[in-house]
1. How much of the DSSP beta bridge set in the chain is antiparallel, as a percent to the nearest 5?
2. For the chain, which span is the longest to avoid every loop-located (per DSSP) member of GluC sites (Glu not before Pro) having at most 12 other Cβ atoms inside 10 Å?
3. Using just the helices of the chain, give the 222 nm mean residue ellipticity in deg cm²/dmol: DSSP H runs with n ≥ 4 each add -39,500 (n - 2.57), and the total is spread over all residues, rounded to 500.
4. Please list, or write none, the lysines whose alpha carbon is within less than 20 Å of the alpha carbon of K96, excluding same-chain residues fewer than 8 places away.
5. Rounded, prolate or oblate: which one fits segment 258-398, using the alpha carbon gyration tensor with axes a ≥ b ≥ c (rounded when a/c is under 1.5, else prolate when a/b beats b/c, else oblate)?
6. Can you give me the convex hull volume of the Cα atoms of the chain, divided per residue and expressed in Å³?
7. With +1 assigned to the C-beta of every Lys and Arg and -1 to the C-beta of every Asp and Glu, and no other charges, what is the dipole magnitude of the chain about the Cα centre in debye, to the nearest 20?
8. Would you mind checking the pairs K50/K338; K50/K280; K77/K311 and listing those with alpha carbons more than 27 angstrom apart?
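A short reminder: the numbers here are calculations on the coordinates, not readings from a lab. Model, not experiment: these values are computed from the prediction. When we count neighbours, we look across all protein chains shown, and the Cβ atoms used for this are built from the backbone with ideal geometry, even at glycine.
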Amino acid sequence: MRIIRNISEKIGRLKSKNHNGQIIALGGGGFSDQPDNLLLDEYILLQTNKLKPKVLFLPTAGGDHPEYIEKFYRSYKKLNCHPTHLELSKKAPPTKKLENTVMSQDIIFVGGGSPRFLMQVWRKTGMTKILKKAWREGIILSGMSAGAICWFEDGFKNPKDDIWMRISCLGLLEGSFCPHYDKMGELRKAYRNMIRKSEISPGYGVEDGVALHFKGTELFAVVSNLRESKAFHVRRSGYRVIEKEIKPSYLGILNDSYIETIEQELKHTESVNVVKEYIKRINSHDLISMLEITDDDAVFIDSMGINTRGKAEMKKAWDLFLTFFPDYTVEIKDIICKNGMVAVFGKAKGTLAENGRLKEENRFEIPASWTAEVRNGKILKWRVYADNEPVRKLIEKYK
């Protein structure tokens, strides 16, 4: 049965090589062990390409210990994100609610503790299927120690009478994972011994402060928050165990100015996304949803330079305009963002409604551009640049 399962999992991984799932597995460190060095946590957040990603902490492997949860919030509230947590070890929410919670996140971070207990709880609550779905749909999976072991094929349970035993994990990644490779000598020794006896698949020995970053099922990067930390690929060769050192990229080179640059780029990306969404809502003529992403102090300046201020006045202006041109749409050809300003280039199209009818001779299509300023995810300023002569003539005809 294990052979059949392994073949099935490998076929699944081959199909998944090119999807956008990401897993970042920490050997140790991060907020859990190194609260004064959050470089690894910052690295995880940056992979979302979002200004304030949503992070869900699963402290299951540690029995949902309150101090562990408090430690998570203490660190992540310092970072640019929306942190939350979910307790599963005592009473889990219904499966559907659990799935909705997980699928609404950008990052899932799994804490350390007992891998065996973790997998037992996940299987009982249906979390295994939910996390596989989250991975396929691009939610970043991460974690340290047990929270890193769980993503691989093989894990191992805590020893009893010095006997280490393999446990089956999620199998999203091939092989096995051993955390704390520098701190716990008996763990490293036991891991090597299990590989030597073929009791566990070859895999990675990862020291504290090091993270393996996978995209799909391929190892994309190895990073560390300490200069001297290392990772190893561990495999059997005959009757011996071979460790091949993997040198991580040190995240300390991400100095304040570089991180500030990245954050600025993320702000630009978010501003562009807000503008694209605003145009989408313009084209759907959904004024209520347009106003939802409009700042209370918003300013609208039309192509004749007439200012409209405030959401209420903007609604009146759009109501009137869409009465004249109920099929008005904006077509984007190009969009750029620089110095906090978003510029859109394209076409404006529409048809004058004459006695409730849209006639072809009343249709206009003109080159146009728009500039926008975004504040806190909402449109603060919207300005139109266009040759309004065709539009003005149509309106005069209507009058």
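1. 70 percent
2. 229-399
3. For the chain, the value works out to -10500 deg cm²/dmol.
4. Filter leaves K54, K124, K129, K132, K133.
5. Since a/c reaches 1.5 and a/b is larger than b/c, the shape of segment 258-398 is classed as prolate.
6. Each residue corresponds to 184 Å³ of Cα convex hull volume.
7. 1500 debye
8. Over 27 Å Cα-Cα: K77/K311.
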